[in-house]
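So the structure is just underneath, and the comments pick up after that.
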Amino acid sequence: MTDSSRQSPLALARRRALRAGRKLMGTVRTDAPTRHELVGPPDLWAEKRRFQFEFLTSQGLASEHRLLDIGCGALRGGIPLIEYLQSGHYVGVEARAEVLEEGRKELAESGLEHKRPLLVNASDPAQIQVDAPFDFAWAFSVLIHMPDEVVQAYLGFVAGALADGGRFYANVGLGERPEGEWQGFPVVARPRESYQRWAASCGLSVTDVGTLGALGHRMGRGEEMMMLCFTQAPPVTGPLD
């Protein structure tokens, strides 16, 4: 009896999905430099796609899970994730309509429209309508471009949208330094205490996962950013009065 025949149907499906996602992980359309520039340096498109897929699957993202991708852009990271996940299990949110339109083109060119991802153009999480909770939420190099009030609004949204045991991963710049700018968006570093305070106000707890460099993001830029994991905080228990 082979190893494959001894595995459960679910395990086999996960392995097939993982292989399919990895196949698209390094796919780059050389004739789409403008699309690549919309979400960062074009020469890092493939590597940042690879990092997102490998990080999330290493953290336990399975093909049957539901994923919320905040700031999905032109689907640089989304394409292999859409291929990997079951149909309808990927929801991407992007504030820039023209960038999301490029994502739709990337989806069509990758032959993945049949996976039925939900792509939402929204700058305010109050505009997002979802019909089921998410096992994972993801914001790759996104919170650093949001004003404080928008970060707080998204934390509140995610707190209400996560399934029991769900996790929200986001990389951030920690500390105090002058605010920068990228394509009209701010580039903000904040004290860790800000994220802790905002998370607690939404019933979330936050822990450090590691710097991007330590996690395999070795591209010379942003390696010092910290990956945070937000989870539902355990209920406070104590003696009854």
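Please work out the FRET efficiency for the pair R218 and R192, using the Cβ-Cβ distance as r and a Förster radius of 25 Å; give the result to the nearest 0.05.
Plugging the Cβ-Cβ distance into 1/(1 + (r/R0)^6) gives 0.60.
Hey, rough spin-label estimate for A108 and Q86, points 7 angstrom out along Cα→Cβ, what's it come to in nanometres?
Label-label distance for A108 and Q86, simple model: 2.9 nm.
For the pair D148 and A233, how long in nm is the line joining their label points, each one 7 Å along Cα→Cβ?
1.8
Could you sort 188-201, 144-157 so that the peptide with the highest average Cβ count within 10 Å comes first and the rest follow in order?
Ranked by mean Cβ neighbours within 10 Å, highest first: 144-157, 188-201.
May I ask you to compute the full-extension gain from T207 to A122, defined as 0.36 nm times their residue separation minus their alpha-carbon distance, rounded to one decimal in nm?
Working it through step by step, the gained length comes to 27.9 nm.
Given the Cα-Cα distance of A46 and A163 and 0.36 nm per residue of separation, how much length would full extension add, in nm?
39.1 nm
Would you mind calculating the relative contact order of the range 60-169 from Cα pairs under 8 angstrom and at least 6 residues apart, reporting the percent as a whole number?
Once divided by the residue count of the range 60-169, the mean separation gives 29 percent.
Once amide H atoms are placed 1.01 Å from N in the peptide plane, what residues at a sequence separation of 5 or more from A137, or on another chain, have their amide H within under 5 Å of its amide H?
So A137 has HN proximity to L68, R167, F168, Y169.
Would you please give the residues with an amide H less than 5 Å from that of G92, counting only those at least 5 places away or on a separate chain, with H modeled from the backbone geometry?
Under 5 Å from the amide H of G92: D69, L118, L119, V120.
No lab work stands behind these numbers, since they all come straight from the coordinates. Being a predicted model, the structure only gives us computed values, none of them experimental. Positions of Cβ are backbone-derived with ideal geometry, glycine not excepted, and every protein chain shown enters the neighbour counts.
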